[in-house]
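Asker: A single structure is presented below for examination.
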Amino acid sequence: MKVCLIRGSGVEQHEVDSVFRAMRARQVDAVELKRDAKAEMVAELLKETDLILTLGGDGTFLAGARVAAPRDIAVLGVNHGHLGFLTEIEADEMDVGLGRFFDGSYRIEERTMLEVTQSRKGRTLIQEIGLNEVVVDHSGETNILRLEIDVGGQRVGVIDADGAIVATASGSTAYALASGGPILEPTLEDLVLVPMSPFALTVRPIVFAPGQEISLTVVRGPGEMRVDGQGRGQVVAIGDVVSCRSHAKRLKVIRLSPPESFYQRLADKLGWGRPLVPKK
């Protein structure tokens, strides 16, 4: 068995060393993959890998998801961050969690990945995948975007807004939620479109059935595009099309908790359903 470790910026070296010691004790081959590693190094290190272990917050988990899903590698997230909504176990539970994984006492939860393509005059400029969302918003050069929305080749409408988010069910509890979108159960294959501060009050989020391709064409711009909030935004010019669909492969997430724990997580991590004023 081979385990690949990805760590966040706030994780100390001694914490990484303790993981390697635990792996050696179980006679498991372990390597570390840098988050900024080049594609050829990623491909080499992930050969014959059975598990990607992320040490950090949700950002580190997202980085692990992007390299794991296309290769059918499962991911186990260990929270060293603040929120840790996507991760499965806390840092002080890691030894127990790894023990359960090696004992086979876990379940696999599949999550839809988003495939995003930016094209210009029929030519593909960028193609990326992400677990949470793609955001197309206005840049510093323009105050408001005009986007034409098409779904499955059918024109849905034109919106004036700060931008738009296309999110997976996993991403529905991230930036999309902060922008007024609905919460979707994480295993659903639906995609959700969330307008960002739309000019018209009648423009509201829409949930699309699995298998649909959502296209955003920039009519007034320019704008910027980011997948899972990575780095600097890509410039999206007037006439560019950002196409979003489900990736061919779903992410395999290691879960040690029961499926219904998602609702408890909503309450514990996001405070959903908790009264603003504590009950007496």
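The values are calculated or read from the model by the stated rules, or taken from the named source; none is laboratory data. Model, not experiment: these values are computed from the prediction. Glycine also receives a Cβ, built like all others from the backbone with ideal geometry; neighbour counts cover every protein chain displayed. Each accessible area value is taken on the protein alone, full model and side chains, heavy atoms only, with ligands, DNA and RNA left out. Shrake-Rupley method; radii C 1.70, N 1.55, O 1.52, S 1.80 Å.
Asker: Any residue at all in the range 256-264 that's at pLDDT below 95 and under 17 Å from the mean Cα position of the chain (by Cα)?
Answerer: From the range 256-264, those at pLDDT below 95 are 256-264; that's our starting set.
Imposing the further condition that a residue be under 17 Å from the mean Cα position of the chain (by Cα) reduces the set to 262.
Checked the range 256-264: at least one residue is at pLDDT below 95 and under 17 Å from the mean Cα position of the chain (by Cα).
Asker: Could you run through the range 1-36 and say how many residues are among the small types (G, A, S) and open to solvent by less than 30 Å² (accessible area, probe 1.4 Å)? Don't jump to the end; show me each part of the working.
Answerer: Within the range 1-36, the subset among the small types (G, A, S) is 8-10, 18, 22, 25, 30.
Among the residues that remain, those that are also open to solvent by less than 30 Å² (accessible area, probe 1.4 Å) are: 8, 22, 30.
Total satisfying the criteria: 3.
Asker: Quick one: how many residues across the range 230-252 are at pLDDT 95 or above and either among the basic types (K, R) or in contact with a Phe, Trp or Tyr (Cβ under 9 Å, 6 or more places away or on another chain) (or both)?
Answerer: 4
Asker: For G122, state whether it is more than 28 Å from P210 (Cβ to Cβ) and either of a type outside the set (D, E) or in contact (Cβ under 8 Å) with a residue 40 or more places away in the chain (or both). First the steps, then the outcome.
Answerer: Values: more than 28 Å from P210 (Cβ to Cβ): no; either of a type outside the set (D, E) or in contact (Cβ under 8 Å) with a residue 40 or more places away in the chain (or both): yes.
Answer is no for this residue.
Asker: Of all residues in the range 195-237 being in a loop (DSSP other than H, G, I, E, B) and aliphatic (A, V, I, L, M), which is surrounded by the fewest Cβ atoms within 10 Å (Cβ to Cβ)?
Answerer: Of all residues in the range 195-237, those in a loop (DSSP other than H, G, I, E, B) come to 197-205, 209-213, 221-222, 228-233, 237.
With aliphatic (A, V, I, L, M) added as a condition, the list becomes 200-201, 203, 209, 237.
Details: A200: 11, L201: 6, V203: 18, A209: 10, A237: 12.
Going through the qualifying residues, I end up with L201.
Asker: Another question about this same structure. Would you mind stating whether A167 is in contact with a helix residue (DSSP H, G or I) (Cβ under 7 Å, 6 or more places away or on another chain) and crowded, with 17+ Cβ neighbours inside 10 Å? I'd like the intermediate steps shown before the answer.
Answerer: Values: in contact with a helix residue (DSSP H, G or I) (Cβ under 7 Å, 6 or more places away or on another chain): yes; crowded, with 17+ Cβ neighbours inside 10 Å: yes.
Yes; evaluated as a whole, the condition is true for this residue.
Asker: Select the helices (runs of 4 or more DSSP H) contained entirely in the range 1-88, then report the ones holding at least 2 residues which are closer than 18 Å to D228 by Cβ and touching a Leu at 6+ places or on another chain (Cβ under 9 Å). Lay out the reasoning, then the answer.
Answerer: On the way: elements: 13-25, 39-45, 58-68.
Those helices (runs of 4 or more DSSP H) span 58-68.
Asker: Kindly check whether there is at least one residue in the range 238-254 that is assigned to a loop (DSSP other than H, G, I, E, B), out of contact with any Asp or Glu (no Cβ under 8 Å at 6 or more places or on another chain) and open to solvent by less than 60 Å² (accessible area, probe 1.4 Å). Full working, then the answer.
Answerer: Applying the first criterion (assigned to a loop (DSSP other than H, G, I, E, B)) to the range 238-254 yields 238-240, 247-250.
Keeping just the survivors that are out of contact with any Asp or Glu (no Cβ under 8 Å at 6 or more places or on another chain) gives 238-240.
Next, from what is left, pick out any that are open to solvent by less than 60 Å² (accessible area, probe 1.4 Å): 239-240.
Yes; the residues of the range 238-254 include at least one that is assigned to a loop (DSSP other than H, G, I, E, B), out of contact with any Asp or Glu (no Cβ under 8 Å at 6 or more places or on another chain) and open to solvent by less than 60 Å² (accessible area, probe 1.4 Å).
Asker: Right, here's the next one. Count, please, the residues in the range 150-160 that happen to be in contact (Cβ under 8 Å) with a residue 24 or more places away in the chain and either buried (at least 21 other Cβ atoms within 10 Å of the Cβ) or not small (G, A, S) (or both).
Answerer: 6
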